[in-house]
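Down below is the structure, laid out as structure tokens.
The values are calculated or read from the model by the stated rules, or taken from the named source; none is laboratory data. Owing to the predicted nature of the structure, the values given are computational and were not obtained by experimental measurement. Every residue, glycine among them, receives a Cβ derived from its backbone with ideal geometry; neighbour counts consider all protein chains shown. Keep in mind that these areas ignore ligands, DNA and RNA; they rest on the heavy atoms of the full protein, side chains included. Shrake-Rupley method; radii C 1.70, N 1.55, O 1.52, S 1.80 Å.
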Amino acid sequence: MQSYCESLTEFKRLATREVRIGGLLLGNFNPIRVQTMTTTDTMDTMATVEQSIRCIEAGAELVRITAPSKREAENLLPIKNELRKRGYTAPLVADIHFTPNAAEIAARIVEKVRVNPGNYVDKKKFEIIEYSDADYAEEIDRIRERFTPLIKICKDYGTAMRIGTNHGSLSDRIMSRYGDTPMGMVESAMEFLRVARDEAYHNIVLSMKASNPQVMVQAYRLLVKTMFEEFSECYPLHLGVTEAGDGEDGRVKSAIGIGTLLEDGLGDTIRVSLTEDPELEIPVCRDILKRYESGIDEDRKIERPGDTNSVQKKSSEIPDLPASGLSYDPFQYQRRETFAIDNIGGRHVPVVVADLSKLPAIRPGDLQSVGYTYDETTDKWNISEAAADYVFTGNQLLDFELPGTLKVIVYPENWQLAKDKTKYFPIYYARSYVQSLKSLKPEQKTEVFFSSTLNFVMFDCFSKSKDDLSWLEKFANNPTAVFCFSSENRYSVAAVRRMFIELLERKIKNPVILITDSSWQTGDEHLIHFATEIGALLLDGFGDGICLGMTTKSYEHLATSFDKVNASGRNYLSNSNPEEFINNTAFSILQATRARISKTEYISCPSCGRTLFDLQETTAKIRSVTNHLKGVKIAIMGCIVNGPGEMADADFGYVGSGPGKITLYKGKDVMKRNVNSEVAVEELINLLKENDAWVAP
Ligand code: SF4
């Protein structure tokens with residue numbers, strides 16, 4: 001084991017215990033299972049059956065149904081019977097919060113129960129209590145007493161269990177001792193897991209969900225480390241980002257959290273929580289898993305995502321980690337220290353480089369796709385919050401005046417022709433530069449291609465040979481060299497991460513732009529590719545800028561697809577062209593990793609049988625009036641039972657508190673209770689105004 005996974009330099013799934021859920025095996029290198037949760041009222045048997053069937057037919061291998069009280073738990077029986085009668089055998093999971101008696105009924109009916117250790121025994125009062133060691137031990141005894149009956153039932157009935165911690169609903173006991181931290185999340189699950197092991201019950205899956213992918217990733221990594229240190233073995237992991245929201249942002253957030261962990265070889269089952277119909281979550285899960293499907297079951301290796309040619313390509317090996325081990329902390333975020341060159345690196349937020357090189361002749365109107373709109377009447381450029389900082393144009397010099405903040409990256413031959421060297425900067429491969437130097441006389445060597453202020457130097461990390469490391473030295477700490485890392489290695493995330501480890505080892509502080517090209521086809525596939533490849537590195541503090549691109553074939557395919565609704569039924573491609581789609585995706589990734597905030601953040605629950613209003617419609621309505629509030633985090637939660645706890649670090653909350661009633665929060669504090677839903681959005685705007693969080697659209 002390397003720190004928290006099998007390997008940090010190649011793809012190896014973590015060995016976990018095998019768990020049986022009805023007829024389904026999970027963990028121990030079984031395929032990564034896909035699941036979702038119904039949103040119907042559990043007491044509406046036929047609606048729940050019909051929705052479950054839609055989910056199963058879409059590919060769900062497990063279906064979770066909420067059981068908030070004994071009534072709903074009992075109603076799982078007719079639901080299960082009807083599904084079995086119609087020939088659907090997918091295991092069912094009862095979702096339990098607060099109600100052990102409902103869990104004890106459900107565990108006799110369905111194949112798996114999910115308990116939340118934050119509220120199974122404890123009632124949350126948001127109180128900070130000082131616990132002595134004796135008080136704490138007494139609390140653990142209380143857990144044992146309350147939790148053991150459920151374990152015994154699960155053992156008798158062969159029922160599996162998920163101990164599912166949520167960042168937003170940690171108990172007051174855990175909060176008092178560990179705070180709102182990944183370690184607190186881990187300990188919350190471990191308290192329950194130790195009780196289960198003492199009873200020799202092992203049919204257990206664990207989850208550590210949070211709406212912030214960074215917290216979630218750290219918590220899963222810490223959980224693996226903790227389990228391994230304490231038990232010398234690991235239980236299977238259910239991965240998910242909770243309250244991820246909808247549309248593009250929901251997919252990006254989910255792919256960053258889930259994808260980062262899958263790249264580490266962690267994860268035995270996944271659920272993507274979207275504020276959309278549950279069957280729409282399944283294609284997103286499948287798209288996330290596609291990266292790992294080729295050969296994963298036979299030899300536990302991935303092939304290069306989406307690139308059929310690369311299956312035959314022999315990637316070079318990624319060097320082992322240095323003997324001194326990891327030079328960064330994978331359990332705690334810290335941005336890699338760099339010096340600044342222009343607006344890249346140092347304390348600057350990561351920059352966005354937009355690739356316009358596939359446009360045949362770039363006109364001023366094309367810059368609208370990357371955030372710059374020219375206003376003829378005022379002869380000025382309007383710059384949006386999501387405006388790219390640099391454009392890469394390849395061989396093209398632009399024959400019009402550029403917006404003041406925008407700069408252009410071109411190939412060296414074109415850079416030499418550019419008149420304004422304060423606006424144009426060269427990009428070249430480290431390899432070709434080093435080779436070209438060999439043919440020059442010593443006195444010429446300092447002049448070749450190098451801008452005196454800013455050069456972009458590309459490294460194709462461990463794609464073809466190991467020489468990248470020696471080339472690195474040629475540019476190390478050169479005060480004009482911004483590195484650009486990409487990789488065609490089939491373990492591309494690991495390859496680029498290994499280069500960062502080398503930079504840390506050698507104390508090289510040049511800023512780095514992360515580059516990735518997607519060779520997938522649909523909007524969802526591209527989003528997931530970008531979010532996984534870039535998000536996984538940003539979460540570890542690596543990267544001072546990002547540049548997303550596409551292979552020519554993918555670009556042409558996407559360019560002709562903008563009028564079509566993609567497979568998930570939602571048309572992200574309402575962006576008018578690939579450049580706009582890619583630019584918006586870049587800013588969404590930076591927002592989801594909290595590396596650069598450019599828009600409002602929405603934390604909306606996926607809804608379930610507890611939901612008290614139409615979440616999808618309400619989320620869309622709130623989004624339409626608040627989407628200009630950069631940096632404000634707004635939670636939209638379906639119920640008052642879990643909503644306030646689960647909305648994590650939202651600044652404001654809109655929570656269903658009864659039929660037709662909404663309660664509005666500022667942080668965790670109730671500000672307006674039981675507002676009529678007809679006027680609740682207006683009241684939310686008033687609340688934003690009263691707290692100086694509102695600006696005119
Ligand atoms: S917050 Fe949303 S998903 Fe969670 S229990 Fe309440 S309604 Fe269901």
**OP:** Any chance you could count how many residues in region 66-120 are within 13 Å of the ligand (Cβ to nearest atom) and among the polar types (S, T, N, Q)?
**Re:** 5
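Here is a yes/no grid of residues against (1) surrounded by fewer than 22 Cβ atoms within 10 Å (Cβ to Cβ); (2) more than 9 Å from the ligand (Cβ to nearest atom); (3) modelled with pLDDT of 95 or more:
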position: Asn575; (1), (2), (3): yes, yes, no
position: Pro578; (1), (2), (3): no, yes, no
position: Leu590; (1), (2), (3): no, yes, yes
position: Lys599; (1), (2), (3): yes, yes, no
position: Gln616; (1), (2), (3): yes, yes, no
position: Lys621; (1), (2), (3): yes, yes, no
position: Ala650; (1), (2), (3): no, yes, no
**OP:** Read through the list (1) away from the ligand (no atom under 16 Å from the Cβ); (2) crowded, with 17+ Cβ neighbours inside 10 Å, then give the number of the only condition that His167 fails.
**Re:** (1)
Original post:
So which of Pro100, Pro68 ends up being surrounded by fewer than 17 Cβ atoms within 10 Å (Cβ to Cβ) and either hydroxyl-bearing (Ser, Thr, Tyr) or under 19 Å from Asn642 (Cα atoms) (or both)?
Top reply: Pro100
Original post:
Considering region 40-65 alone, what residues qualify as being surrounded by fewer than 23 Cβ atoms within 10 Å (Cβ to Cβ), within 16 Å of the ligand (Cβ to nearest atom) and of a type in the set (S, T, N, Q)?
Top reply: Thr40, Gln51
Subject >> region 317-345: number of residues that are more than 30 Å from Asp180 (Cβ to Cβ) and in a loop (DSSP other than H, G, I, E, B) >> reply: 13
Original post:
So is Asp669 away from the ligand (no atom under 11 Å from the Cβ), at pLDDT below 90 and either acidic (Asp, Glu) or under 26 Å from the mean Cα position of the chain (by Cα) (or both) or not?
Top reply: no
Original post:
Out of all the residues in region 224-250, which are open to solvent by less than 20 Å² (accessible area, probe 1.4 Å) and over 18 Å from the mean Cα position of the chain (by Cα)?
Top reply: Val224, Met227, Cys234, Tyr235, Pro236
Original post:
Which fully enclosed helices (runs of 4 or more DSSP H) of region 121-198 have 1 or more residues being among the small types (Gly, Ala, Ser) and at positive phi?
Top reply: none
**OP:** Scan region 254-283 residue by residue and report those that are assigned to a helix (DSSP H, G or I), within 16 Å of the ligand (Cβ to nearest atom) and not hydrophobic (A, V, I, L, M, F, W, C).
**Re:** Ser254, Pro278, Glu281
**OP:** Check whether at least one residue in region 214-222 is part of a helix (DSSP H, G or I), open to solvent by 10 Å² or more (accessible area, probe 1.4 Å) and under 30 Å from Pro149 (Cβ atoms), and report yes or no.
**Re:** yes
